Amino acid sequence: MPAGPFRRRPLCLPLTIRMFVFFSYSAPRVLVILTGMSQVGSGDLVVTRQTIGFIGLGDMGQPMAARLLGAGFPVVSHAHRRREAIETLKRLGLEEVANAHAVGERADIVMTVVTDEAQTDTVLRGSKGALAAMAPGGAVIVMSTLAPKYCQDLAAEATSKEIAVLDCPVSGGTMGAAQGTLSMLTGGSGAAVEQCREALESMGRIFHCGDIGMGQVAKLANNSILFGCAGLLWEARKLAKAHGMVPEALMEILGTSTGNTFMGENWDFFSDPGMWPHFISMIAKDTALAIRAGDDAGTPMLMTRQTRALDWQSVRDGPD
């Protein structure tokens, strides 16, 4: 489909389907065309896919983009930070373009998986961002963990351009991204969810949390629990060690007791010296977002404040 001001993509409604039935002596043949997008498939059944603009090919974004390609979606991206990710995905069919603006020109749906609000602003907003180049009727899916209000403000801005916005932070880690089993914590209109359903379901399970921003609320609530459990386990292990008990013996007991948690079951992964600095950076970022969201809603998030106050930085090489 050529780029230009005359191009108009479907609004945030379920896709239009045209069915043509060709009868033969053996059996009817059906050609299904979802209008306005690229076709994939073979034989008598041709199903189209929206073009996905994917920005942020990091540890999570790269396997997520690979899942989209594997499901038959045309994917366009640019080298935001990791050149090697682009080269790997190009071998799977990804199309490389020059910048975020060019991603917006080519895409029906733009997905962003970048670090924070500042990076999201850079790739989406302003004259060089993807939003400025997108045709009316497109959609943006913000998949980073950000403040609910940020996503609500972005959606209000995009509405004037007739572009739908979903906030859709994910849970499940890099393994879930590779296997297509992520929890997609989605906020936004039901129509926008339906517009993006097939693309999202190629990466995991959709949980429609409510209006725009509610996906972020769910993610921040989840992470507040995860990080709180990390702090409690850290303290429990220190208590055991201080009294002469082997911390691993305590962990075995917890695994079969009421103190069992996801964090406990995956403690070796999170506490690995290669992972721990990244994990405590996540704690710093997401607890700040949760406290900010709580303040916006008049909920003080006292336990999350205690988690944030722990001296995580003193153990950057691992908690033991």
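For Phe269 and Asp116, a Förster radius of 25 Å and the Cβ-Cβ distance give a FRET efficiency of 0.60, rounded to the nearest 0.05.
Length gained on full extension, Glu194 to Asp211, computed as 0.36 nm times the residue gap minus the Cα-Cα distance: 4.7 nm. Ranked for footprinting exposure by Cβ neighbours inside 10 Å, fewest first, Asp167, Asp268, Asp59, Asp211 give Asp268, Asp59, Asp211, Asp167.
Computed from the C-alpha gyration tensor, the three semi-axes of the ellipsoid equivalent to the stretch 243-293 are 26, 15, 10 Å, from longest to shortest. Across the stretch 285-320, the residues whose backbone nitrogen lies under 19 Å from the label position 7 Å along the beta-carbon direction of Ala249 are 320. Using the Stokes-Einstein relation with a Kirkwood hydrodynamic radius computed over Cα pairs, the translational diffusion coefficient of the stretch 217-315 at 4 °C and a viscosity of 1.567 mPa s comes to 91 µm²/s. Taking the stretch 182-213 and a reference point 7 angstrom along Cα→Cβ of Ala221, the backbone N atoms nearer than 18 Å belong to 183-189, 206-213. Using r as the Cβ-Cβ distance of Glu87 and Gln179, and R0 as 22 Å, what FRET efficiency do you calculate, to the nearest 0.05? It comes to 0.45. The stretch 115-141 and the stretch 56-73 have Cα centres spaced 19 Å apart.
FYI, it's all coordinate maths here, none of it is from the lab. None of these values were measured; they are calculated from a predicted model. So basically every Cβ, Gly included, is an ideal-geometry build from the backbone, and we count neighbours across all protein chains shown.
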